[in-house]
1. Quick query: amide H of Arg132 versus all other amide H atoms, modeled in the peptide plane; which residues come in under 5 Å with a sequence gap of 5 or more or a different chain?
2. Sequence-distant or interchain residues sharing an amide H contact under 5 Å with Ala382, placed H: which?
3. Could you work out which residue, out of Phe11, Phe186, Phe431, moves most in a Gaussian network model of the chain, that is, has the largest mean-square fluctuation with Cα springs under 10 Å?
4. Kindly rank 365-372, 113-120 from highest to lowest mean number of other beta carbons found within 10 Å of each residue.
5. Using only DSSP helix segments of four residues or longer, with each worth -39500 (n - 2.57), what per-residue ellipticity at 222 nm results for the chain after dividing by its residue count and rounding to 500?
6. Run the numbers on the chain and let me know its relative contact order in percent, using alpha-carbon pairs under 8 Å that are six or more apart.
7. If I build a Gaussian network model for the chain, linking alpha-carbon pairs within less than 10 angstrom, which residue out of Ile55, Ile335, Ile210 has the largest mean-square fluctuation?
8. What ³J(HN,Hα) values, in whole Hz, does the Karplus curve 6.51 cos²θ - 1.76 cosθ + 1.60 give for the stretch 362-374 when θ = phi - 60°, with x put for Gly and Pro?
Amino acid sequence: MSSIIYPTTNFTATEQLTIERGEGVYVYDTNGKQYLEGLSGLWCTSLGYGNRELIDTTAEQMGKLAFSHMFGGKTHKVGMELAEKLTAMVPVDNARVFFGSSGSDANDTHIKMLRYYFNAIGKPQKRKIISRERSYHGVTVAAASLTGLPVNQTNFDLPIDALGILRTDAPHYYRGALAGESEADFVTRITNNLEQLILREGPDTIAAFIAEPITGASGVIVPPAGYYQKVQAILDKYDILFWADEVITGFGRTGNDFGCTTMGIERPALMTLAKQLSSAYMPISASVIRGDLYDAMVEPSNKLGVFGHGYTYSGHPVACAVALKTLEIYQRDDIFGRAARMGEYLQRRLAEFRDHPLVGEVRGSGLIGALELVADKASGRAFDGGAVGAFAQRACEQHGLITRAVAGSSIAFCPPLIISEAQIDELIEKFGKALADTQDFVTRERLV
Ligand code: PMP
């Protein structure tokens, strides 16, 4: 074992796989074995590996200006160009953007921005944030407090009370519906729960509602039709801001430019972006806010004092240059249109597993999807623990496919947006073999 403490890994685990290089949608281990990267790294390498333009952009920008900060209004052209291009793309009115390096730090920024804003407009009590069960918003102390997964909280004494995080239902019909409940009734019930929560806490104490339009890391949950329309109506009624965490769903992933578009979420007040913003070639994130929120902070900032928040790497010029080039490529090569077409094909092919005895639910949108493996198909009974998901993930690897087991026994797919139809066929074929191995495993181990 090396001396690395591995992220999101059990301390007793041994090293699993040493990846050495990548090309297109494939990565290779140190033995030269090829894997189809079915998860785009961690839902991020949208343009695949070895993209010459991104490599050249990185080298050029490093040669020109490897670092410069943005404190106190110091700036650089490539950062300003990125801000203009990005704010023109997002469905946020008169958007303003704050740069960071990760999805987690961008969510922390938003928490602070909300507090600064409500302090600025004289409503300091409006500070709580509603987040959902089974959501993923990152792992810094504040972002992990927003996250709705025990694994990120229990052993760290999170969430921290001072943040005032409120929790509401995950919009997952398959797991959350009562016996005999229709999708429409499920939506009505959980959105009623949301309204009751708001009334109980007091609307004047609640700043925002955060949601991934489609969740990723917590199992790729696609909410039922009508869910966001009802949520938005409730938020509007009580003057609570909609905060879209598009760290995974942003930039073509769900078959449209943003997950908000796919799910009919109209013009959110805040948006968090990272990962595909730079196709993961450099770490960069963006906390986007609506222009009127920014404007309301400008004058009071004389009284409140400096917005005392900024990272050394806020607006890192190399990361900005790579992000700018990534956005240019998205537009020039119609990457989102292509991803939409390939996404339809992926969903169609994943649906072929629907009748498999181990598959409880197939879900997804565009080029993101998951298959939930279950112990009993008829009742939907889940497997205990994560052994089956872990086995399936390893079996995929053995067949040359990288995926990720999420939320226990769901196998997630999120290939690069540049994937072709033939490569989707390859993904499906490899997964089919791994699923057959998994079925042998659960039979052998008497897990069903
Ligand atoms: N929000 C969402 C929706 C995410 O999926 C993630 C990461 N998977 C994060 C935030 C945190 O991003 P990071 O890991 O870059 O801190």
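1. Here the answer is Thr168, since their amide H atoms fall under 5 Å of that of Arg132.
2. Ala375
3. In the Gaussian network model the winner is Phe11.
4. 365-372, 113-120
5. When only DSSP H runs of four or more count, the value is -12000 deg cm²/dmol.
6. 20 percent
7. Result for the chain, Cα springs under 10 Å: Ile55 fluctuates most.
8. Computed from phi, the couplings for the stretch 362-374 are 10, 9, x, 6, x, 9, 9, x, 8, 10, 8, 8, 10 Hz.
None of the figures in this text is laboratory data; all of them are computed from the coordinates on show. Because the structure is a prediction, the values reported are computed rather than measured. Ideal geometry is used to build each Cβ from the backbone, glycine not excepted, and the neighbour counts take in all protein chains shown.
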